[in-house]
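The structure appears right after this line, and notes come after that.
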Amino acid sequence: MDILEDVEAFNEDMNYDHRIIIYKHKDNLYKLTTKNRGKDFKLNQEDDELINIKLIYPIYNNYKIFKGNIEDAYIKKPSLLSYDKNSNNTDLIIREMRFLEELKEVEGVCGYHGCVVEDGLVKGLALTKYKYDLYEFIESKIGEIKVIDFLSKLVKTIDDIHSHNIIHGDLNPHNIMVNNNNPIIIDFDSSGYIGKKLEKKFGTFGWEVENNGFYDRKIDYQGIGLISKYLFDNVWVQDFNKEWRFKICLQIKRLW
């Protein structure tokens with residue numbers, strides 16, 4: 001048996017609540033939910049929930065197929081942790097695929113190279129592989145980052161995404177890769193079209209923004225504000241003088 005995913009869940013008071021383990025046995029996937037936090041847990045196919053993969057992976061329907069080397073790309077696969085036998089989540093991967101295809105010419109959006117198909121099901125999306133996300137880059141002190149330039153490029157990319165009538169919906173340091181001091185935006189599974197109701201998959205815990213229940217530009221602009229604060233709190237900004245502070249504040253105020 002192979003454990004594929006193993007996470008702990010916490011309640012609103014940030015106290016441990018339960019643990020979810022996704023594992024594979026033979027050709028089947030199972031989900032175990034347990035209160036046990038240690039190593040003393042038992043995987044039992046008779047008791048654990050059998051995952052219906054057709055509620056996770058969509059049926060292939062003439063989509064662009066990835067023809068490159070798997071090792072040369074990042075294969076984004078849908079998480080099985082939120083699996084619910086009463087909910088069909090196949091639309092998540094299809095929606096993200098379509099957004100990436102629509103934004104393929106936008107500078108600063110991760111490259112999309114096609115879907116990975118197994119047994120007639122779309123199992124993942126092949127994306128350009130980048131080494132570090134913004135959080136890893138900053139927290140691990142990988143190198144220097146030119147904050148003002150970085151934020152200016154991020155704002156431009158978001159403006160370009162909005163020009164396609166699309167809202168990203170989940171801007172945070174884990175969804176922005178760093179490539180030669182350029183921000184590369186990933187993870188469009190929370191995205192939607194301006195004016196449409198928010199989808200069930202929206203935002204990230206700890207990086208929530210205010211919303212009125214609909215996709216609106218302010219959602220991404222608040223995200224930029226949170227990322228700006230994160231960078232200013234964690235990076236010594238050598239080029240951050242009063243003139244640049246004024247320009248950035250004006251830029252963020254314009255966005256709001």
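The table for this structure:
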| quantity | calculated |
| --- | --- |
| Some residue of the stretch 87-95 being touching a strand residue (DSSP E or B) at 6+ places or on another chain (Cβ under 7 Å) and modelled with pLDDT of 90 or more | yes |
| Qualifying residue in the stretch 25-44 (condition: outside the structural domain of Thr157 (by TED's automatic domain parsing), in a loop (DSSP other than H, G, I, E, B), under 28 Å from Gly169 (Cα atoms) and out of contact with any strand residue (DSSP E or B) (no Cβ under 8 Å at 6 or more places or on another chain)) | no |
| Test: residue in the stretch 219-230 that is modelled with pLDDT of 85 or more, on the phi > 0 side of the Ramachandran plot and surrounded by fewer than 16 Cβ atoms within 10 Å (Cβ to Cβ) | no |
| Residue ID - nearest to Tyr63 (Cα to Cα), chosen from residues in the stretch 102-152 that are out of contact with any Lys or Arg (no Cβ under 8 Å at 6 or more places or on another chain) and basic (Lys, Arg) | Lys104 |
| Selected residue (only one of Ala9, Ala73 is free of Cβ contacts under 8 Å to residues at least 12 places away in the same chain and under 24 Å from the mean Cα position of the chain (by Cα)) | Ala9 |
| All helices (runs of 4 or more DSSP H) inside the stretch 87-169 with 2 or more residues being crowded, with 17+ Cβ neighbours inside 10 Å and among the β-branched types (Val, Ile, Thr) | 90-102, 147-162 |
| Residue among Ile185, Ile167 that is in contact with a Cys (Cβ under 9 Å, 6 or more places away or on another chain) and among the β-branched types (Val, Ile, Thr) | Ile185 |
| Enumeration of residues in the stretch 12-42 that are within 26 Å of the chain's Cα centre (by Cα) and of a type in the set (A, V, I, L, M, F, W, C) | Met14, Ile20, Ile21, Ile22, Leu29, Leu32 |
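The values are calculated or read from the model by the stated rules, or taken from the named source; none is laboratory data. This structure is a prediction, so every number in the text was calculated from the model and none was measured. Every residue, glycine as well, gets a Cβ built from its backbone with ideal geometry; the counts of neighbours run over all protein chains shown.
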